[in-house]
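Here is the structure we will look at.
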Amino acid sequence: ETGVTQTPRHLVMGMTNKKSLKCEQHLGHNAMYWYKQSAKKPLELMFVYNFKEQTENNSVPSRFSPECPNSSHLFLHLHTLQPEDSALYLCASSQGPQGGEKLFFGSGTQLSVL
Amino acid sequence: DQQVKQNSPSLSVQEGRISILNCDYTNSMFDYFLWYKKYPAEGPTFLISISSIKDKNEDGRFTVFLNKSAKHLSLHIVPSQPGDSAVYFCAARGSGYALNFGKGTSLLVTP
């Protein structure tokens, strides 16, 4: 079993749909992250949670809504997305919230918005 | 504005030779640097890191060099193997929680 599990692996949705991405970490880490990777762009940090509390929102549009019910689970709720939101969404975790900690990534959800 | 730059989108190297992947950064406050490796359909995995107080860190076939005055770091893979074919991301830590990533360099090691 991998340390960080993301579901679904692939998602196609229309602009009016509501969907959720799920992430679960089995590493006992305290911090969880959502990153976005668009084509030909660097990984962009979206949200950081430390001990279930959101500590960073990197100017992400409100059509992306994160939820962290406990230190092991992280969700990204999606609604009324735009085609330019199509990207690979990566979840990661680390022992602590500092950026220098090694991040452990999931395999990502490849999202296509039609 | 992109603070971590990997100017070579791709690199092709023959098996057994040295692979050198380069990374430049603009923020002199970065104090910790990491390399991640990513295979298709998988998330990035940590490879090696270096603190700004060092200029070299070695782990098996992988060595990272840091030149702070030039704001440049490089990853050397010796000898290169076909299984090293992947996308390599450079990342740097500043203040706050974010790691700043480069766009990645796709390495192809040919037999």
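Assuming R0 = 41 Å, can you tell me the calculated FRET efficiency for the pair B:Ile20 and A:Ser59, based on Cβ-Cβ distance, to the nearest 0.05?
0.70
To the nearest whole number, what is the average tally of beta carbon atoms from other chains within 10 Å of the beta carbons of peptide B:38-46?
Mean shielding by partner chains, rounded to a whole number: 6.
Using the beta-carbon distance between B:Ser51 and B:Ser95 and R0 = 25 Å, what value does 1/(1 + (r/R0)^6) give for FRET efficiency, to the nearest 0.05?
The formula returns an efficiency of 0.95 here.
Enter the per residue convex hull volume of chain B, computed from alpha-carbon coordinates, in Å³ rounded to the nearest integer.
Spread over its residues, the Cα hull of chain B gives 99 Å³ apiece.
Give me the Kirkwood hydrodynamic radius of the protein assembly as shown, using the inverse of the mean 1/r over all pairs of distinct Cα atoms, in Å to one decimal.
So the Kirkwood estimate lands at 18.0 Å.
If contacts are Cα pairs under 8 angstrom and at least 6 residues apart, what is the relative contact order of chain A in percent?
Relative CO of chain A lands at 37 percent.
What FRET efficiency comes out for A:Asn17 versus B:Gln2 if R0 is 22 angstrom and r is the Cβ-Cβ distance? Round to the nearest 0.05.
0.10
Sum up the charges of everything whose Cβ sits under 12 Å from the Cβ of A:Asn70, counting Lys and Arg as +1 and Asp and Glu as -1, but leave A:Asn70 out.
Here the count lands on -2.
Under 25 °C and 0.890 mPa s, how fast does chain A diffuse according to Stokes-Einstein, given a Kirkwood radius computed over C-alpha pairs? Answer in µm²/s, whole number.
The Stokes-Einstein estimate is 176 µm²/s.
May I have the extent of the alpha carbons of segment A:1-61 along their three principal axes, as whole Å values ordered from largest to smallest?
Taking the Cα atoms of segment A:1-61, the three principal extents are 35, 30, 25 Å.
Could you tell me the relative contact order of chain B? Use alpha-carbon pairs under 8 Å, at least six residues apart, and round to a whole percent.
Once normalised by length, the contact order is 37 percent.
All of the numbers you see were taken from the coordinates with simple rules; none came from a lab. Note that the structure is a prediction, hence the values are computed from the model and not measured. As a convention, Cβ positions derive from the backbone with ideal geometry for all residues, glycine included, and neighbour counts pool all protein chains shown.
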